[in-house]
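The values are calculated or read from the model by the stated rules, or taken from the named source; none is laboratory data. It should be emphasised that the depicted structure is a prediction, and the values quoted were computed from it without experimental measurement. Note that each Cβ is placed from the backbone with ideal geometry, even for glycine, and that neighbours are counted across all protein chains shown. Please note that ligands, DNA and RNA were not included when accessible areas were found on the heavy atoms of the full protein model with its side chains. Shrake-Rupley method; radii C 1.70, N 1.55, O 1.52, S 1.80 Å.
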Amino acid sequence: MHGSHQRDIPEPTDTLGETLYSLRLNGMVYANSDLSAPWGIEMPPLEGKMMFHIVTQGACWLRFPDHEDVLLKPGELALVPKGEGHCIASDLGLKCAPFFDIPVTRVSERFEWMRYGGGGEPTQLTCGVLSFDHVAGKKLIDQLPPVIHMQSDNGQLPGALQPLIQMMGEEASALGAGGETLIAHLADIIVIKAMRYWVETAPEASCGWLGALKDPKIGKALAVMHAHPESTWTVERLAAKAGMSRSGFSARFTEVIGTSAKQYLTEWRMNLARMKIMQSPVSLIELAEELGYTSEAAFSRAYKRVFGVPPLRQKAR
């Protein structure tokens, strides 16, 4: 089995793009809202989840306890990557009703429809709560700011987002057969595109883990570890992928990432393992082999070193 781990692995061409592509969004709930002024809704904090708001008609304010308020204009969107509690309202001075106190119509298991407000100026919103089922997603969220506001310039959003939001608005207005499914898929695409635009353009995205992904040399090593965590990566092999000497690679990797390549690979593998253990019953020996360990004991020791506790033995229901 180990021989297969040594096979030649093709070099990635777009490290950052491939990492973003690997993100798997798990939409907990999507809500389409027909709102009429005056209205105000208080969104509760949702740790470990990302919230988003997309305005397809009208405008609204996002009010945060610890940082600047955001005005969302027609066709704009805001991501709240760390799930911070906030108010969303037709006017900044309004008292906001808790989201869960406002009646909604459940269209399907994960899609709700809300009609709320005082009967004045209309606003149409699509909102959602997402989580990421991948280690890369959690690392990305750690580096994102509290709010990402995609602003329009002369009515046009960057990153080819405009036509997607227009399509979402049309679907929300008509809500024909399968409309809620289309809106949910469009929302996922819009969120990924908005994050990609931020990652590619924001100065803050040029440091830390995201900066390392963009690094022409270290990025190549990260990409092959992410794509093939089961492979028997040595510092020599990773340095060769990066096109660097062993010592130069080791020093550069630790400088950019803040930990050694060996430690990074172990932590990446163990985070993958923990997510799989949490998501479904899994055989530890199969998981060990999948992540490049020769025995369950070696895998369990590595897991305990990273998390302080051994992996839970989950039996199939």
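Points to keep in mind about this one:
- Compared with the dominant Cα axis of the chain, that is its longest principal axis, helix 246-257 is turned about 20°.
- Nearest-ten-degree value, helix 161-174 long axis tilted from longest Cα axis of the chain: 50 degrees
- Between 0 and 90°, nearest 10: helix 179-201 axis offset from the chain longest Cα axis: 60 degrees
- Kirkwood radius for the chain, taken over all pairs of different Cα atoms as the inverse mean of 1/r, rounds to 21.7 Å.
- 5 angstrom amide H check on VAL282, placed H, neighbours 5+ away: GLN314
- Solvent exposure, largest accessible area first (probe 1.4 Å, DNA, RNA and ligands not counted), of GLU296, GLU255, GLU42: GLU255, GLU42, GLU296
- Accessible surface of region 153-216 [probe 1.4 Å, protein heavy atoms]: carbon and sulfur percent: 57 percent
- Proximal charge balance of VAL55 [Cβ under 10 Å; K/R count +1, D/E count -1]: 0
- Assuming charge only on the beta carbon of Lys and Arg (+1) and of Asp and Glu (-1), the dipole of region 191-317 about its Cα centre is about 180 debye to the nearest 20.
- Here the contact order of the chain, divided by its residue count and restricted to Cα pairs under 8 Å and six or more residues apart, works out to 19 percent.
- Mean sequence separation of contacting Cα pairs (under 8 Å, at least six apart), scaled by the length of region 75-214, corresponds to a relative contact order of 30 percent.
- Surface analysis of the chain yields an accessible area of 49 Å² per residue, using protein heavy atoms and a 1.4 Å probe.
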